[in-house]
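What follows draws every value from the coordinates through simple rules; no lab data is involved. Treat the numbers as computed from the prediction; the structure is a model and nothing was measured. Note that we place each Cβ from the backbone using ideal geometry, even for glycine, and neighbour counts take in every protein chain shown.
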Amino acid sequence: MSVTTIADTARFSPVGRSNAVIKLLGALLITAVLVVSADPVTSGIALLGQLLLLSAAGQKPLRLLLTLWPITVAALISGWGTAMLSPEGGTVLLNLGWITVTTGSLAAGAAIALRGLAIALPGITVLLTTDPTDLADGLAQTLRLPERFVLASLAALRLVEVMVKEWSVLASARRARGAGNDRGPVGMAKEFGGQAFTLLVQSLRRATRLAMTMEARGFGAGKRTWARVPRYGRVDLYTGGAAVLIAVSALSVSVLLGTHRFIWQ
Amino acid sequence: MTSHVAVDQRGAEVVLTEFGWHYPGREQPSLNSVSAHIRPGERVLLLGPSGAGKSTLLHAMAGVEQDPDGESRSGELTVNGVDPRDARGAVGFMHQDPETQVILARVGDDVAFGLENLAVPREQIWARVGAALAEVGLDLPLDHSTTELSGGQKQRLALAGTMAMRPQLLLLDEPTASVGEQGAAELRDAVERAVAQSGTTMIVVEHRVGLWESVVDRVIVLNDDGRVAFDGPTREVLGDARELLQRQGTWVPNWTPRTMAPPARDEQATPLLEARGLAVSRTQPGSRTVARRRRRERKAWAKGTPTQADIYRNENVIPAAADIDLSVRAGQALAITGENGAGKSTLALTLAGLLLPCAGTVHATKALAGDAPADPSLWEGTELITRIGSVFQHPEHQFLCSTVRAELEYGPHQAARRGAGPGVDEERIESLLARLGLGGIADANPFTLSGGQKRRLSVATVLASAPDVLILDEPTFGQDAQTWRELVDMLVEELERGTAVVAVTHDRELITALNAVELRLGA
């Protein structure tokens, strides 16, 4: 299962149908709470809440974590690293001379891994379940961000796909010229640089032409109207409410248990 | 401001008075005291040699041309009596690159974009979007992805987006240059319908006269120095200016430039490259897997152990083309033809050893492979360029150096460094420069050349390594008649020399001029 097929099913789920702005604000709220909190209880509850929300929305959270394995692995590795190096006390579980793993350091490691996952997940959920056009509409019309900037970014985003395709064409075009023979880091870096330079030149030209197209279609001439209206409905109430619930409950449970710790404490 | 423009008038009036354009730092002006009066509803075909300022003129009329120092412009140009820069919305403009004419991800949103910018009330937008899509014959749902459209469809989408804005002047800058033959005819028909319905004034720049002859009622021909050479009714000008147009490299109807005679067909000529039961696909293993396979297979080949190349094949891939058997023979031309999406380019890349087959084999005979393995996909870059030269569709993808001369020397230099060639043959380089008319610009940066010069250079860079097989992807696509003739002569000379030429092409004239055997895919 690739990321795109996940994205396809995700867009039709209740979370996917929610308004982009609501999702973005909800994700920002959860992330903000997690960024300032350093304890494992807050991250654990927030992560659990998000996974519950995702499965209620018809997603398979474990499969999502598997598909996005680089992030999962990164979280696990940083947790492992912390467990190895953390100086905290507790029962000694493993002693290899210079590495000592204790219950305390293990807990610190788990906290780091949980926190990493819990912080990454809201953003990924928004990315996977949101159509860029809808997000742009919301940003410009609801949040009143500068429309020129939002629309230009949206148009540029489309060209990223073109660039990805061009990269592989460039690789064979250059091999056909006999480039890329040099093994070793210097030769490879040089070849990569050359290919990247050509891509850059092409991209700049493309950007110029796209700007010309947009100008010819009256972009930036003055006040504009919008063909699409961002819609808000019952499903947004649920999604927004769920996000607030996750953020508030993670924070309050941790505070009540006396485990909560701010990042600066 | 747009309020100056009379809204009830359907087509715009364009008046050029001694209009000129001289870019800073250029010796010659691009446009030189051009005067013309284009009446409302007139349809004009603008012709001239490449570099004569046709695009500059269209850009100026669209109000999108940048005047870097404020002094490039001279004389006067008005659309409906006002400066075009103040008549935005009254002027619609299309250029030749389909990829950058699409702005948004969904078909409906893309057409609506211009209407939003003109501040058309939301209630009216979707009706106008639907009407514009119907007019250009794009029968697609509004939420259809724009990425999935073909080049021709993208151009028609751009036309819909432009016509929805109800321009009074429609400017088309080589709209069919990147579109196949059928797509070009469909686009032309869509333009004709749209313009007839709206009474819009239209000016089109194109070098395929035959395509637009029936649509336009006036032809303006520019000279080398950016002056008007002919201006009048279509039939009259096409008759009077025929010789000038041919010299300028314009494709006038019923004419093919005269080229050198190709060698006779010879089915007994030495085979160089053979494909058996070949199936090809763009879906390939990752680049690391391919490199690892290459190393492992090379080792096995050096030891003389049998090849295991098949283990990397993916059975689940749907091939772009399958069951292909062909022979590429020395001194003979092979043309690969077929509809868009029939897998022609993919086949060319696979023959060139740049993609792995998904079934069957590509086999280089002893005459071609020499002391290298028989599977071209195992060759090192330097082994490849002295055996098979591949010319890609976009010349710029293959430029590696900062001057024309360095570009030509690159291949031989690489080969010599790795002991696979005799080194840079200055005589061959000089003769290539001379043959291609690139001698005067040997120190120019390849990226700054004109379209035709880039195409000739991209072929020459490959010829510099003297490959035995030359594989070209749409070499004549979008080229003017002048470049076309030079390309064909160059390829015929290579055939005479015993080089095999394989061309992916839509161009019937090229197939005839090379006396090529045709392999039609998807038939």
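Estimated purely from DSSP H runs of n ≥ 4, each contributing -39500 (n - 2.57), the mean residue ellipticity at 222 nm for chain B is -10000 deg cm²/dmol once divided by its residues.
Counting only the Cα atoms, the protein assembly as shown fills a convex hull of 202 Å³ per residue.
Scalar couplings 3J(HN,Hα) for the stretch A:109-121, obtained by applying the Karplus form with A = 6.51, B = -1.76, C = 1.60 to θ = phi - 60°, are x, 4, 4, 5, 4, 4, 5, x, 4, 5, 6, 6, 4 Hz; x denotes Gly and Pro.
Could you tell me what fraction of 2.2 N^0.38 Å the Cα radius of gyration of the stretch B:236-283 comes to, as a two-decimal ratio? Walk me through the numbers on the way to the answer.
Values: Rg = 20.8 Å, N = 48, 2.2 N^0.38 = 9.6 Å.
Dividing the Cα radius of gyration by 2.2 N^0.38 Å gives 2.17.
Along the charge dipole of the stretch A:120-208, pointing to its positive end and built from +1/-1 on Cβ of Lys, Arg, Asp and Glu, which listed residue (A:P132, A:L121, A:T198) has its Cα farthest out? Most positive-ward Cα: A:T198. Only DSSP H runs of four or more residues enter the estimate; each adds -39500 (n - 2.57), and after division by the residues of chain A the mean residue ellipticity at 222 nm equals -24500 deg cm²/dmol.
Electrostatic bookkeeping for B:V15 treats Lys and Arg as +1 and Asp and Glu as -1; over the other residues with beta carbon under 13 Å from its beta carbon, the sum is -4.
Cross-link partners for A:K223 among the aspartates and glutamates, with Cα-Cα distance under 17 Å and sequence neighbours closer than 8 places in the same chain left out: A:D137, A:E147, A:E215, B:D86, B:E116, B:E123. At q = 0.12 Å⁻¹, what base-10 log of I(q)/I(0) does the Debye formula yield for the stretch B:271-520 when every alpha carbon is treated as an equal point scatterer in vacuo? Here the Debye-derived log intensity ratios amount to -0.69. Within the protein assembly as shown, antiparallel bridges make up roughly 50 percent of the DSSP beta bridges whose residues both belong there.
Rounded to whole Å, the principal axis extents of the Cα atoms in chain B read 82, 51, 42, largest first. For the pair B:A196 and A:F197, a Förster radius of 35 Å applied to the C-beta separation gives a FRET efficiency near 0.15, rounded to the nearest 0.05. Listed by chain and number, the lysines whose alpha-carbon sits under 28 Å from that of B:K303, ignoring those within fewer than 8 places in the same chain, are B:K366. Of all lysines in the structure, those lying under 29 Å Cα to Cα from B:K454, and not within fewer than 8 positions of it along the same chain, are A:K165, A:K190, B:K54, B:K154, B:K344. Summarising the strand pairing of the stretch B:271-520, around 40 percent of its internal DSSP beta bridges are antiparallel. Summing Cβ point charges (Lys, Arg +1; Asp, Glu -1) relative to the Cα centre of the stretch B:374-523 gives a dipole of roughly 140 debye.
Computed over the alpha-carbon atoms, the stretch B:188-235 gives an Rg to Rh ratio of 1.00, Rh here being the Kirkwood radius from the mean inverse distance. So what's Rg/Rh here for the stretch B:228-363, counting alpha carbon atoms and using the Kirkwood radius for Rh? When Rh is taken as the Kirkwood radius, the ratio is 1.21. Once the gyration tensor of the Cα atoms in the stretch B:10-79 is diagonalised, the equivalent ellipsoid follows with semi-axes of 21, 13, 11 Å, ordered largest first. Sequentially through the stretch A:168-183, phi angles give Karplus couplings (6.51, -1.76, 1.60; θ = phi - 60°) of 6, 4, 4, 4, 6, 4, 6, 5, 5, 8, x, 7, x, 7, 6, 7 Hz, Gly and Pro residues having no value and appearing as x.
Give me D for the stretch A:138-216 in µm² s⁻¹, whole number, from Stokes-Einstein with Rh from the Kirkwood sum over alpha-carbon pairs, 25 °C and 0.890 mPa s. Display every interim value, and only then the final one.
Values: Rh = 14.9 Å.
Using the Kirkwood radius from Cα pairs, D works out to 165 µm²/s.
Farthest towards the positive end of the charge dipole of the stretch B:271-520, among the residues B:W301, B:Q393, B:I471, is the Cα of B:W301, using unit charges on the Cβ of Lys, Arg, Asp and Glu.
Taking every DSSP beta bridge that has both ends in chain B, the antiparallel portion is near 45%. Extent along the principal axes, Cα only, for the stretch B:316-406: 42, 34, 30 Å, with the longest axis given first.
Only one residue of B:S214, B:S281, B:L521 has its Cα farthest out toward the positive end of the dipole of the protein assembly as shown, where Lys and Arg carry +1 and Asp and Glu -1 on Cβ, and that residue is B:S281.
Scaling the Cα radius of gyration of the stretch B:2-248 by the globular reference 2.2 N^0.38 Å produces a ratio of 0.99. Taken about its Cα centre, the protein assembly as shown carries a charge dipole of roughly 2720 debye when the Cβ of each Lys and Arg holds +1 and the Cβ of each Asp and Glu holds -1. Residue-wise HN-Hα couplings along the stretch A:127-133, as the Karplus relation 6.51 cos²θ - 1.76 cosθ + 1.60 with θ = phi - 60° gives them from phi, are 4, 6, 9, 10, 6, x, 4 Hz; Gly and Pro carry x.
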